[in-house]
Structure formats: structure tokens, C-alpha cells
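Right, one structure below, let's go through it.
Where a number appears in this text, it was derived from the coordinates with a stated rule and is not lab data. If you're wondering where the values come from, they're calculated on a predicted model, not measured in any experiment. Because the Cβ atoms are built from the backbone with ideal geometry, glycine has one as well, and the counts that use them run over all protein chains shown.
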Amino acid sequence: MQTKFVVVLGSVMSGLGKGVATSSILKILSFYGYKVLPVKFDGYLNYDCGTMNPYRHGEVFVLDDKSEVDMDFGMYERFLGKDLSGELSITGGKLFSEIIAKERRGDFLGADVQIIPHLTNQIIEKIEGIARRHKLDVLVIEVGGTVGDIENSYFIEAMRQLALKYKTVFIDVTYIPKLGVVGEQKTKPTQYAFKTIMGSGIIPNYIFCRASEPIEEKTKNKISLYTNLEAERIIDDSDLKTLYRLPLHLIEQGFDKMLIKDLGLERRKIDGEKLKGWREIVEKIENPKRRINIALVGKYTELKDAYISVREALTHAGAKLDAGVNIKWVESSDLENGDLSLLNGVDGIIVPGGFGSRGIEGKINAIRFARENKIPYLGLCLGMQLMVVEYARNVCNLKGANSTEFDPKTRHNVIDLIPSQRKVKLKGATMRLGAWKCKIINTNSIAYRAYRKKIISERHRHRYEVNNRYRRILEKKGLVITGVTPDNKLVETVEWRDSFGIGTQAHPELKSKVEEPAPLFVSFVEASLKRSGEK
Ligand code: GLN
């Protein structure tokens, strides 16, 4: 059977949640048992987003295969419950570097190399390759950016051409503003955007309307009138209590049946068990039995998207334990003057990953506060490194202990560059990236109780590590090393002995799925729940 395609475009403005719409479409099709995968187009000229600032662009997501990809991949994986590969991320940077390499090799001898047909053909060939290799029923393509941008115009042109060859359904995710408190839902921006899309030779089959409140019938009818689409194809995608409800919300509108019919897919029954399981989780997220407060002590707290995987992993773990997790976003530099009252009353503390020295001392203060007050602590990558620094300074009495990332001249470099990183000159894709194995060497540990197995695999993104020369003194003073790489060269997890505190060099949040929460997050939420009950 030939692969069919769904192409998700965005209009009016960015940041509408095309990733959530794409993920929901994937999930719906997978409920029917169709074989699906996503592809994301990003028009920027970076090769990948590994060198971008998460404060501006949002979290850099890492896949098992070391790819550093757009944070939408996190959404696809959380919904689909599948680990994806880097070939599904197609950026302007990758395409242009490939096409220029081909040109230098002489692949186009005699021709002047152009966006159309050379670049567009390159895009279509990639898409066809993915569809063929994975024997897909449906490939769902999310086009980054907004229709009308120069950046994604060649992707959109390629999609127009794709539709000439294969069954392709287009979805436009748009925004319906409402002026004033009791104002009217405005459709004009969507009407103009629709014209722009039609100007590219594409007629969307559905319009997903993002809005703060449900789309009114009269709004749907108006959009229908101006776009030639039946009103049932104007889909309500207004804010929901949790974004994980969107697949259910789309099914309630009959979108699943229409889409399957449009694509000409063989008719199948939805897997009722899977759907029921998903619905139960969504209801638990929406109506938790109890609530806990977790402080997330970060540097980029103004842009919460920088920590989206941590936030979602807490939601997944909370749903499993029937608990809602309120995140208290604490800016680490606000803790530097020693006043930690912002942390009063929290049930758990997380220091997530990060780079650069701003706010480091505030994070260390937070970790000390957690340790001394026996507040459950979870340290993720940098949060683990600083857990070691705090322990070295305040328990092992190693004055001025630090990571050489922040103090290259420290007397006690308890955290130091991984030796293989010393010769690294280029910045792109040169960190210790992707899935690495960790051996849990102590079964009486938080790590073992969480994972229930001795060899685990988690994703990484770092250049620094625990300095092995300090392992002995740290352990002698009570810090427990519970996980190492199978060759014992790198420390992977450390724990406190007297209360719940674990730091991991990995980013377990990157593997957390709605239906399969990250084990360490489940243990952490469990410990925080216990703590909140004791208050
Ligand atoms: N900056 C630290 C390192 O490179 C931690 C990285 C991270 O938290 N992802 O090792």
C-alpha cells in the first residue's frame, strides 16, 4: 500500500501549537493501528538546533541517535510513545549543505542549481525515502513557521508538488482572536491567510482554529463561507484543560473518520482499549486527587519552553500517582543572596540542565537547602553536577570546589571536562549526546528502586562529568555513587544517604511518555507526595 501524507501548516502567527495538533493526528491514526511517523521541516539555516539559545528557541530536544532536534519532537514522542530518529528532522541547514555538497561533487554538471527543482526534489526524495524505508501508512509532516514566511516557502512549494504525486491532506492551523471581554471571534486574519495558502497552489482540507474559547457555530459558518470548506471541516482547537485531551477532542468532532476517508485508507476499527487508557490518563491529569508543589530552580524561567520536557515528565509521573504537580518557577539568581524563602513550603526541588555561570550559586544554595531540610531533590545533568559541588564544599570541606565550566582555576575541580572533550574545537553536535547505557551498581538505591533493572539507557547532552579523582573522598563522606557507565569511566548517578536526593548525568525527562512516565520522575513525585503528607 502506498503511503499517504498529511501536511500541517500554520497561519496568522507562530507558537500556535502546531506540534500538539500534529502529535494528536499521529496519535489518532495510531489508535486505528495505522503505521505513522512525523517529519518536521524547519526553515532556519542552522544545521540543527543544538547551537540555538533555548531561552529564545525553546528546549533543544535530544534523540537516542544523538540528534539535537526541535522541541516538537518531544511532543511527538510523548504522544506516540515511540522513540524517533534524527532523519525525521529536515532543516534548511541540512538541505542546503547537502545540495551544495552534491553540486561540488558534480552531480548537477551543466545545470544551474535552483530552489525549484533541485531543492524541492531533494525534499520530496527525502520524504519518499522515509515513507518507503518505514513502510508507512501515513507520514504526517509539520511545516515549521507561518505561511507567507520566506524561510519555509520552498518547503510549501515541495508539498504542493508532493500532492501531485500522492494522496495528501492539508491542514491549516490558524488563530481566531477575540476582541474585548465579550467581543466577537474574528475570522479576517484566517481569511487572508487562506488566500495566501491558495496563492501557493494549495487548498487546505481542514482548518484547525486555535482560540481561547470554543469556536462558535457562526464563526465556523463564516470561515466556511470564505474558504469553500464545509463547516464540519472547520475544527475547534481551542484551549483545553490539558493538551493531551486534543486527540479525544478531535475524535468527538468526527475528524478521525473524515481524515481516514479523505486519505482513502483501508477502513479499520479504533482500538477501544488504547483509547480508553488514554482517556483515563487525561482525566487524571485534569482532575487530580491531590496536589504537590515542586520548585524548578532554573535560569531560563522566563521562557518556560526551555524546560518543557521536565514539566511534561512531572505531569506524566503525577498522572500515574493521581497527583497534580504545581511547578513553582524559581529564578536561580534570586537565591544567590542567601534568602531562600522562595523555597519555603515546597514538597520537592529540581535543578534541571543548563549551561553558563549565571545563577549557579543560587542553584547550589537550593540544593543545600534541600539536603539540610530533607526535601526530595532531583538533579538533572547540571543539577547532578551541582549536587556534587555542593556536597564537596559543604560536607567534604573542599573549599571553593566547583566545576571547571564555571571556575577554570578552582582548587577542587570535582566536575571537569570529559577527557574526550578536550580536543573538541567545533561547537555543533560535539557534546556527549544521545542514549548511553548506565549500570546501576547498588541495588539498595533510589535508582534501582525506580528502574528495577541494572542496565538502563537514558539520553545525554553534556561536556562535563564527575572528576574520578574525587570519587573516593565524596563516597567516604557519604555521597553514594549508584550508577556508572558500563566501563566504570563516568559517574552517572549519585545519591544522598539520609533523604531522597538523586542526581543523574542524564536527562530522563527526554524519554518520558504520557503512557510510560520516566521512572526517576515517578520516584521523585512519590517522595514529594510523601513529604507533603508529612507537613
Ligand atoms: N553544562 C553542563 C555540561 O556541559 C551540563 C549540561 C546539561 O545540563 N545539559 O556538562
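Shape of the stretch 434-535 from the C-alpha gyration tensor: oblate (a/c of 1.5 or more and a/b not above b/c, with a ≥ b ≥ c the square roots of its eigenvalues).
For the Cα atoms of the chain, what angle does the longest principal axis make with the long axis of helix 153-165, in degrees from 0 to 90, nearest 10? Orientation of helix 153-165: about 60 degrees from the principal axis.
Classified by the C-alpha gyration tensor, the stretch 44-138 has an oblate form. Its axis ratio a/c, with a ≥ b ≥ c, is 1.5 or above, and a/b does not exceed b/c. For the stretch 264-410, what is the Kirkwood hydrodynamic radius in Å, using each pair of distinct C-alpha atoms? About 17.1 Å for the stretch 264-410.
Could you work out how far helix 519-534 tilts from the main Cα principal axis of the chain, as a 0 to 90 degree angle to the nearest 10? Result, in degrees: 60. Dipole check for the stretch 1-148: with +1 at the C-beta of Lys and Arg, -1 at the C-beta of Asp and Glu, and the Cα centre as origin, the magnitude is about 340 Debye.
Shape analysis of the stretch 266-329 yields a ratio of the Cα radius of gyration to the Kirkwood radius, Rg/Rh, of 1.15. Helix 308-320 axis versus longest C-alpha principal axis of the chain: approximately 80°, rounded to the nearest ten.
Its convex hull of Cα atoms gives the stretch 303-370 a direction-averaged projected area, equal to a quarter of the hull surface, of 4.9 nm². Net length available on complete extension from Arg160 to Ser212 is 15.6 nm, with 0.36 nm assigned per residue and the Cα-Cα distance removed. In the stretch 36-81, inverting the average of 1/r over every pair of distinct C-alpha atoms gives 11.3 Å as the Kirkwood radius. Charged side chains reduced to their Cβ positions (Lys and Arg at +1, Asp and Glu at -1) give the chain a dipole of some 1560 debye around its Cα centre. Using 22 Å as the Cα-Cα cut-off, could you pick out the over-long pairs in Lys320/Lys511; Lys241/Lys276; Lys374/Lys489; Lys66/Lys94; Lys40/Lys269? From Lys320/Lys511; Lys241/Lys276; Lys374/Lys489; Lys66/Lys94; Lys40/Lys269, over 22 Å: Lys374/Lys489; Lys40/Lys269. Contact order normalised by length for the chain, with contacts defined as Cα pairs under 8 Å and 6 or more residues apart; what percent is it? Averaging sequence separation for qualifying contacts and normalising by length gives 15 percent for the chain. Kindly state, to the nearest 0.05, the FRET efficiency for Val181 paired with Trp329, given R0 = 30 Å and r defined as their beta-carbon distance. E between Val181 and Trp329, to the nearest 0.05, is 0.60.
Coupling constants for the stretch 175-190 follow from the phi torsions by the Karplus curve (6.51 cos²θ - 1.76 cosθ + 1.60, θ = phi - 60°), and in residue order they are 10, 10, x, 10, 8, x, 6, 9, x, 9, 6, 9, 9, 4, x, 5 Hz; glycine and proline get x.
Put a plus charge on the Cβ of each Lys and Arg, a minus charge on the Cβ of each Asp and Glu, and nothing anywhere else: the dipole of the stretch 282-350 about its Cα centre is then about 340 debye.
A simple rule links phi to the HN-Hα coupling: the Karplus curve 6.51 cos²θ - 1.76 cosθ + 1.60 with θ = phi - 60°, which for the stretch 340-350 gives 9, 4, 4, 8, 4, x, 7, 9, x, 10, 10 Hz, with x for Gly and Pro. With R₀ fixed at 35 Å, the C-beta to C-beta distance from Glu232 to Asp305 puts the FRET efficiency at about 0.60. Give the calculated FRET efficiency between Asn221 and Asn488 to the nearest 0.05, with a Förster radius of 60 Å applied to their Cβ-Cβ distance. The computed FRET efficiency comes out at 0.35. Take the alpha carbon atoms of the stretch 404-431, find their center, do the same for the stretch 441-488, and report the distance between the two centers in whole angstrom. The stretch 404-431 and the stretch 441-488 have Cα centres spaced 20 Å from each other. Each of Gly129, Thr430, Ser224 was placed along the dipole of the chain (beta-carbon charges, centred on the mean Cα), and the one lying farthest toward the positive end is Thr430.
Here the stretch 489-535 and the stretch 105-181 have alpha carbon centers that stand 40 Å from each other. Every Cα-Cα pair of the chain was included, and the share exceeding 45 Å stands at 20 percent. At what distance in angstrom do the alpha carbon centres of the stretch 337-374 and the stretch 297-330 lie from each other? Their Cα centres are 16 Å away from one another. Extension gain for the segment Arg290 to Thr443, taken as residue separation times 0.36 nm less the Cα-Cα distance, is 52.0 nm to one decimal. Think of it as helices only: each DSSP H run of n ≥ 4 in the chain is worth -39500 (n - 2.57), and spread over all residues that comes to -10500 deg cm²/dmol at 222 nm. Here's how it looks for Gly501: its modeled amide H is under 5 Å from those of Tyr377, Trp496, which are all 5 or more places away or on a different chain. Extension gain for the segment Lys423 to Ser85, taken as residue separation times 0.36 nm less the Cα-Cα distance, is 118.9 nm to one decimal.
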